[in-house]
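Working notes, structure below.
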Amino acid sequence: MDLHKLVEAYVDAWNQQDVDKVLALMHKGAAYYDAFWMETCVGKDLADYFRACFEIDNFYYKIVGDPVVVNDGVAYRYSTHDHGDPDGPVLFYGTSVLIVRDGKILTDSEFYSSPNKEDLEEICRMAERRHGVPKYAEAGLGAWKISAYRKELSTLMDDDQLFLDPDLTLLKVAEQLRCTAEQLSYVLRTEFQMNFEKFLNQRRAQFARHLLIEESDGPDLVSRVAAMVGFRSVDEFGAAFRNLFGVSPAEFHRNPGVNLDVANGLSSN
């Protein structure tokens, strides 16, 4: 395919927000590099990555000037507009560097700038050096999407107190976030450095800390609080609470001031 026509077809596919058309122009195992987020997405994750991109970044692109053909690819400048108002004001300018193999896009590197021809040629050389091991875009997720999921997850836990459901599962939370279980696991691993079980137990234990202060004494206090926050057993509750605060629920109830600084720090995360 003529490289100028390839650029036109590629930009048109983005403007149609058609993931299949975009991928049809890309080489198998192609890589997409976004300089703003300093992240790369490759292979099977690209479809989810582009789909999420169209959901959040509702842009319309226009080619500015003539594409510059260099080495094994082509670079072109573009202006970005609101997708609902293509003839409206320019939101920002950018540069795409496409490395092409067998008529297909092997890599697409996005740099948000508006350089001259000499700069474009240098960007092409830089793009070839920068592509490498995928960073932070596993499971089709980019930094911007991960940030959105983290915010929504915090809302579900802090405002809706979803953790109080004793039957809550990773899949149920993923459905609430409109993502896959794999994507949610990735967010928990990269943003919170823990798996779903530990994340859920910490939320429940943090809430239980307040209940242990407010609830009245009684032989069934610990079991009562455990049930209220979603734990299925007293042992499970005790282990999670001790792991987080360093004392048992009963010890904390008798002396709420113990490890208070640690407890307050954890609950504010």
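Since every read-out is calculated from the coordinates, none of them should be taken as a lab result. Quick caveat, the model's predicted, so the values are computed rather than measured. Cβ sites come from the backbone with ideal geometry, for glycine too, and all protein chains shown count toward neighbours.
Put simply, the amide H of MET26, placed in the peptide plane, has neighbours under 5 Å in ILE105, leaving out anything fewer than 5 places away on its chain.
The trypsin sites (Lys or Arg not before Pro) of the stretch 159-229 that meet both conditions, a loop assignment by DSSP and at most 10 other Cβ atoms within 10 Å of the site Cβ, are ARG178.
A Förster distance of 41 Å, applied to the separation of the beta-carbon atoms of LEU221 and ARG189, puts the FRET efficiency at 0.75. Once backbone amide H atoms are built at 1.01 Å from N, VAL70 has ALA75 as its partners under 5 Å, excluding neighbours fewer than 5 places away on the same chain.
Under 12 Å from a label point set 7 Å out along the Cα-to-Cβ vector of ALA250, the amide N atoms of the stretch 212-227 belong to 218-223. What is the diffusion coefficient of the stretch 143-224 in µm²/s, taking the Kirkwood radius over Cα pairs and the Stokes-Einstein relation at 20 °C with a viscosity of 1.002 mPa s? It diffuses with D of about 155 µm²/s by this estimate.
What is the sum of charges, Lys and Arg at +1 and Asp and Glu at -1, for the other residues whose Cβ falls under 11 Å from the Cβ of ALA250?
Net charge around ALA250: 0.
Taking Cβ atoms as reference points and 14 Å as the exclusive limit, the residues near LEU171 contribute a net charge of -3, counting Lys and Arg as +1 and Asp and Glu as -1.
For the stretch 32-97, the Cα-based Rg and Dmax, in that order, read 13.4, 36 Å.
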